[in-house]
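**Q** Following this message is one structure expressed as structure tokens.
The values are calculated or read from the model by the stated rules, or taken from the named source; none is laboratory data. Quick caveat, the model's predicted, so the values are computed rather than measured. Every residue, glycine among them, receives a Cβ derived from its backbone with ideal geometry; neighbour counts consider all protein chains shown.
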């Protein structure tokens, strides 16, 4: 207990005395962690997009003119993986298009009462069975065209994989930088206080007694940097949300409460651990 | 081999890189509780001998025991354990700048695991014994060199060590204060601590009337008159 109190006291003293170098270290680490946080946020959004597309695994069949949808619907229902089939008549499709066009709906007046759209069947499927259902549906008589989200999913998965690997590599590099910054700060601090360290050692201090204050200083500065990065992320999030909604309307925008706590928690952990590791490396001295 | 000795050195030799021979075949025995003055001119090897006793240096040749523990080849933990039983007053004082006199003295106790409250109490007592009770809250760099020297002595005494190694602890003090410090070391010795004090102050040595060993160009002569 004595040693813990001592370490806390020395840590406080060390932070005050080395305030300038710790401020630089905290700023560097906070910037790095903010970048890592943004990467994590981007990754989460992509994953959410994929999940949504996957969950919405739906196949749309456009029927040839004059076909009886009931026959095709019955065939579809017999396929494994099909969980529901809904008929969208060409009239309903036109009405939907009119709604979708909104102010531009007058353009449809040029059709002069004709409806160029086809009856369609929207087929809900278990995501894993979607490819085979789509293939089977395409071979049914009376089906003009089949549309599914396989290509989109594949592309998204590729992008996400790239983003995940690239993001992990970039995050690792950034965290390595942060670790080196912490190690350098600890090294500079140790150098500046080398005579004190020597005195403690000559007075018979155990190794960890000498080292603990430096580690605590590292942990405190790392945690502070992570906290600042978390606050920065929380402040930036609404702005990013606005831009993302405007620029990429198809990308689901995650609610801050759902995503920020875990990312800030990860940043806290990463910041503290990298500072702890940096402090350990930096405060390793010969007795 | 041990026989209640605090220090035993056998054919101790220390040669620094560059070939400077600081100690050349020292044989020495100091009993527990004994008070020994270590005399010699500057460069005679007094500081080197004290540094060897604290395991701050390693001997080039010869063997050295402290309280029966052979220091040659001793591990880190053994050295740490030894240092915890020693109260050292360095010639260059080795006080921590930016910290108060009280903190500097208390540091010697924190290292031993003494709880903060008790460490502060004992540190204040030690400062009072060297006449610095009113300077406890002052940062050491703002104290005079004599006051700094007394803080260093207080740090050594507060630990109630078994062995006190004092390298010219009265060098910056007026005769009265110097005698006060020697008296404190004599008191510690009377309570059972072994004291080895390097000094040039022959008057103090004569007044104290204790064993004297003289170092001359790395060689030791026992029982010299001063």
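**Q** Which residue, of A:25, A:21, is touching a residue at least 12 places away in the same chain (Cβ under 8 Å), surrounded by fewer than 17 Cβ atoms within 10 Å (Cβ to Cβ), under 29 Å from residue A:176 (Cβ atoms) and more than 14 Å from chain B (Cβ to nearest Cβ)?
**A** Of A:25, A:21, the one residue that is touching a residue at least 12 places away in the same chain (Cβ under 8 Å), surrounded by fewer than 17 Cβ atoms within 10 Å (Cβ to Cβ), under 29 Å from residue A:176 (Cβ atoms) and more than 14 Å from chain B (Cβ to nearest Cβ) is A:21.
**Q** Let me ask another. Does residue B:44 qualify as being within 13 Å of the chain's Cα centre (by Cα) and in contact (Cβ under 8 Å) with a residue 24 or more places away in the chain?
**A** Values: within 13 Å of the chain's Cα centre (by Cα): no; in contact (Cβ under 8 Å) with a residue 24 or more places away in the chain: yes.
The answer is no for residue B:44.
**Q** Can you name the residue in segment A:1-12 that is touching a residue at least 40 places away in the same chain (Cβ under 8 Å) and facing another protein chain (nearest Cβ under 8 Å) and is also surrounded by the fewest Cβ atoms within 10 Å (Cβ to Cβ) among such residues?
**A** A:3
**Q** While we're here: In the list A:145, A:155, A:164, which residue meets the criterion of being more than 14 Å from chain B (Cβ to nearest Cβ) and outside any helix (DSSP H, G or I)?
**A** Residue meeting the stated conditions: A:145.
**Q** Is it the case that segment A:71-81 has a residue that's over 29 Å from residue A:155 (Cβ atoms) and modelled with pLDDT under 85?
**A** Looking for residues that are over 29 Å from residue A:155 (Cβ atoms) and modelled with pLDDT under 85, one finds none in segment A:71-81, hence no.
**Q** Please work out which one of (1) facing chain A (nearest Cβ under 9 Å); (2) within 22 Å of residue B:195 (Cβ to Cβ); (3) without any contact (Cβ under 8 Å) to a residue 60 or more places away in the chain is the condition residue B:76 fails and give its number.
**A** For residue B:76, the exception is condition (2).
**Q** Go through B:178, B:166 for me and flag whichever is buried (at least 24 other Cβ atoms within 10 Å of the Cβ), in the same structural domain as residue B:36 (by TED's automatic domain parsing), in contact (Cβ under 8 Å) with a residue 12 or more places away in the chain and in contact with a helix residue (DSSP H, G or I) (Cβ under 9 Å, 6 or more places away or on another chain).
**A** That would be B:166, the only listed residue that is buried (at least 24 other Cβ atoms within 10 Å of the Cβ), in the same structural domain as residue B:36 (by TED's automatic domain parsing), in contact (Cβ under 8 Å) with a residue 12 or more places away in the chain and in contact with a helix residue (DSSP H, G or I) (Cβ under 9 Å, 6 or more places away or on another chain).
**Q** Could you please find all residues in segment A:28-65 being assigned to a loop (DSSP other than H, G, I, E, B) and either crowded, with 17+ Cβ neighbours inside 10 Å or modelled with pLDDT under 85 (or both)?
**A** A:56, A:57, listed by residue number.
**Q** Residue B:63 versus (1) in contact (Cβ under 8 Å) with a residue 24 or more places away in the chain; (2) within 26 Å of residue A:208 (Cβ to Cβ); (3) surrounded by fewer than 15 Cβ atoms within 10 Å (Cβ to Cβ): which is the lone unmet condition?
**A** Result: residue B:63 fails condition (2) only.
**Q** Go through (1) away from chain A (no Cβ under 14 Å); (2) assigned to a helix (DSSP H, G or I); (3) surrounded by fewer than 17 Cβ atoms within 10 Å (Cβ to Cβ) and name the single condition residue B:172 misses.
**A** (2)
**Q** From the set of residues in segment B:114-138 that are within 20 Å of residue A:12 (Cβ to Cβ) and within 14 Å of another protein chain (Cβ to nearest Cβ), which is surrounded by the most Cβ atoms within 10 Å (Cβ to Cβ)?
**A** So the residue we want is B:123.
**Q** If you check residue B:13 against the conditions, is it at pLDDT 95 or above and surrounded by fewer than 22 Cβ atoms within 10 Å (Cβ to Cβ)?
**A** Yes.
**Q** Here's a follow-up. In segment A:204-214, is there at least one residue being within 13 Å of residue A:22 (Cα to Cα), away from chain B (no Cβ under 14 Å) and at pLDDT below 85?
**A** Yes, the conditions are met somewhere in segment A:204-214.
**Q** Same structure, new question: Considering every residue within segment A:181-203, establish whether at least one is in the same structural domain as residue A:27 (by TED's automatic domain parsing), touching a strand residue (DSSP E or B) at 6+ places or on another chain (Cβ under 9 Å) and crowded, with 17+ Cβ neighbours inside 10 Å.
**A** yes
**Q** Now for a different question. Restricting to segment A:119-135, give me the number of residues that are modelled with pLDDT of 90 or more and farther than 12 Å from residue A:58 by Cβ.
**A** Residues in segment A:119-135 being modelled with pLDDT of 90 or more and farther than 12 Å from residue A:58 by Cβ: 1 in total.
**Q** Output the residues belonging to segment A:66-94 that are under 15 Å from residue A:136 (Cα atoms) and outside any strand (DSSP E or B).
**A** A:71, A:72, A:73, A:74, A:75, A:76, A:77, A:78, A:79, A:80, A:81
**Q** Have a look at B:98, B:68 and point out the one that is touching a residue at least 12 places away in the same chain (Cβ under 8 Å), farther than 30 Å from residue B:179 by Cβ and within 12 Å of chain A (Cβ to nearest Cβ).
**A** B:98
**Q** Separate question: Quick check on this structure: which one of A:79, A:94 is outside the structural domain of residue A:187 (by TED's automatic domain parsing), surrounded by 16 or more Cβ atoms within 10 Å (Cβ to Cβ), in contact with a helix residue (DSSP H, G or I) (Cβ under 8 Å, 6 or more places away or on another chain) and free of Cβ contacts under 8 Å to residues at least 24 places away in the same chain?
**A** Matching residue, one of A:79, A:94: A:94.
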